[in-house]
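Asks: This structure is in structure tokens; I'll ask about it shortly.
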Amino acid sequence: MFYPGGHGPLWDLAEDPVSISLIETAIAAGKPVAAVCHAPGVLRHAKSADGKPLAQGKAVTGFSNSEEAAVGLTEIVPFLVEDMLKQQGAVYSKKDDWQSHVVTDGLPITGQNPGSSEAAARALLTKLS
């Protein structure tokens, strides 16, 4: 499963019970889930089999607070991806703004920003092969 970025997932897929269920089912079945840019926001309500946040304790990345500030949307988005991942107990990392950065920790694959899309897709393909 690959979730592309854009701001949209923060309003719809992050809150959508069907999307959340698909993520939880995929992970429980041992299938990877990749998300890039704002799309790691889809992990917001996803839980692992033990009921804990799926991102808890996982090394992840996603659109950084500084990148959100650079595009002037910090006060418009419903939540900041970086803050949400940290609040979930994830081990968040980032590179300088707009640099490609992909993190794989078990089945979740996350990319920091649009420039990380190709590397995240390649990481997913590697995981699937």
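Asks: For the range 1-41, what class follows from the C-alpha gyration tensor (a ≥ b ≥ c being the square roots of its eigenvalues): rounded when a/c is under 1.5, otherwise prolate if a/b is larger than b/c, else oblate?
Replies: Cα axes put the range 1-41 in the oblate bin.
Asks: Continuing with this model, one more query. With Kirkwood's inverse mean 1/r over C-alpha pairs for Rh, give me the Rg to Rh ratio of the range 2-128, two decimals please.
Replies: Ratio value, two decimals: 0.93.
Asks: Only sites in a loop by DSSP and with at most 10 other Cβ atoms within 10 Å count here; which GluC sites (Glu not before Pro) in the range 1-103 make the cut?
Replies: Loop-located and lightly packed - Glu75.
Asks: Comparing Ala90, Ala39, Ala29, which has the greatest mean-square fluctuation in the GNM of the chain with Cα pairs linked when under 10 Å apart?
Replies: Ala29
Asks: Hey, another quick one. When the Karplus curve 6.51 cos²θ - 1.76 cosθ + 1.60 is applied with θ = phi - 60°, which whole-Hz ³J(HN,Hα) does each residue of the range 55-65 get, with x for Gly and Pro?
Replies: 7, 4, x, 8, 6, 9, 9, x, 3, 7, 4
Asks: Along the Cα→Cβ direction, 7 angstrom out, place labels at Val77 and Thr126. What is the inter-label distance in nm?
Replies: Placing both labels 7 Å beyond Cα along the Cβ direction yields 2.5 nm.
Asks: Given the chain, what percent of its DSSP beta bridges are antiparallel, to the nearest 5?
Replies: Close to 35 percent.
Asks: So, counting K/R as plus one and D/E as minus one, what does the shell of residues with Cβ under 14 Å around Glu75 add up to?
Replies: Result for the neighbourhood of Glu75: -2.
Asks: Helix-derived [θ] at 222 nm for the chain: sum -39500 (n - 2.57) over DSSP H runs of at least 4, divide by residue count, nearest 500?
Replies: The helix contribution divided over the chain gives -8500 deg cm²/dmol.
Asks: State the extension gain, in nm to one decimal, for the chain segment bounded by Ser93 and Phe2, taking 0.36 nm per residue of separation less the distance between their alpha-carbons.
Replies: 30.8 nm
Asks: Sort 106-118, 46-58 for me by packing, meaning the mean count of neighbouring Cβ atoms within 10 Å per residue, highest on top.
Replies: Packing proxy ranking, top to bottom: 106-118, 46-58.
Asks: Sticking with this structure for a sec: Compute the length gained on full extension between Ala70 and Asp12: take 0.36 nm times their separation in residues and subtract their Cα-Cα distance, giving the result in nm to one decimal.
Replies: Using 0.36 nm per residue and subtracting the Cα-Cα distance, I get 18.6 nm.
Asks: Continuing with the same structure: In a Gaussian network model over the chain where Cα atoms closer than 10 Å are linked, find which of Leu22, Leu13, Leu85 has the largest mean-square fluctuation.
Replies: Leu22
None of the figures in this text is laboratory data; all of them are computed from the coordinates on show. Keep in mind it's a predicted model, so treat the numbers as computed, not measured. Virtual Cβ from ideal backbone geometry, glycine too; neighbours counted across all protein chains shown.
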